[in-house]
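Notes to accompany the following structure.
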Amino acid sequence: MPDEPHNPVPDPKPAPYDLEPEAAQAREKPTAPTPPRAPPRASLDAPPLLDDLDDDADLTADPEVERALKGEPRAEARTPEPAEPMPEAAPPLVRPGRLSARHAAIAGGVLSLAAVIVGASGAGEHWVGGAVMAAYLIALHTCTGVLALGVTAHLHAARLGPLNLVAARVLVAVAAFMAVVMLPIPGPVTLARPLAAVGAIGVYLVLMGVLFRPGTHRYRAMVALHAGCAALAWLLLSLHGWILELRAEPVP
């Protein structure tokens, strides 16, 4: 009988071999819950809780109950008082109008040139000195006018306003005054000079009222202060001239 070939019977499928048995056991092993922390133990050395409390304090007293027993009215919550409205700022003394600062400066420059020409023509041979004196007086009294308006605004608790507009308007009034006061009026000098001065003052007063429109009280204050500054400047100039004359006299 021929030999039959040997066919081995296949073995059952082998179970996979776990290369990390310790890690597998660690995953399968449930983690133990963390035991709760024990509460802190009371210390016998801690101070009592009522040490800071006054021994004579009455813990059973109720202010509301005592007020009701005494018949006192219950204190009502105070409603906040409405805030007082802020006072409106006073309008400035000099306010912009139809005549802007640029136009007023141009008008003042034209009047100043006219006053310089009149002063030069009235000085005769010393026409240069007359022209310089006219320009100097216009510049001086324009500054005194601005100062007078600043003091007026301070006295009436008001703002002055744009400084360039103030100076330009004062220049118009002062230059017109100088042009009129230097006009050569025919007739005796004792009569011509007062007439020129009265006419110049009238022109100045009209222009100051029309250009600024400050109101009666402010108008009086600004004109009076400007007149005071002009008188003080004239006094200083006269004193300076007198001192120069004294220095020019020969010493005996």
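The values are calculated or read from the model by the stated rules, or taken from the named source; none is laboratory data. Keep in mind that what you see is a predicted model, and the values were worked out from it rather than measured. Here the Cβ is made from the backbone with ideal geometry for all residues, glycine too, and neighbour counts use every protein chain on show. These area figures cover heavy atoms from the full protein model, side chains too; ligands, DNA and RNA do not enter into them. Shrake-Rupley method; radii C 1.70, N 1.55, O 1.52, S 1.80 Å.
Here are a few things to note about the model shown:
- Residues located in segment 161-182, provided they are open to solvent by 80 Å² or more (accessible area, probe 1.4 Å) and in contact with a helix residue (DSSP H, G or I) (Cβ under 6 Å, 6 or more places away or on another chain): N164
- Taken together, the residues in segment 111-134 that are open to solvent by 50 Å² or more (accessible area, probe 1.4 Å), aliphatic (A, V, I, L, M) and either touching a residue at least 12 places away in the same chain (Cβ under 8 Å) or within 13 Å of V181 (Cα to Cα) (or both) amount to 3.
- Picking from residues in segment 217-246 that are more than 19 Å from V146 (Cβ to Cβ) and of a type outside the set (A, V, I, L, M), the one that is least open to solvent (accessible area, probe 1.4 Å) is G241.
- Segment 193-252 - residue that is among the aromatic types (F, W, Y) and within 30 Å of S100 (Cα to Cα) and, of those, modelled with the highest pLDDT: Y204
- Residue within segment 138-150 that is more than 21 Å from V203 (Cα to Cα), assigned to a helix (DSSP H, G or I), at pLDDT below 95 and open to solvent by less than 60 Å² (accessible area, probe 1.4 Å) present: yes
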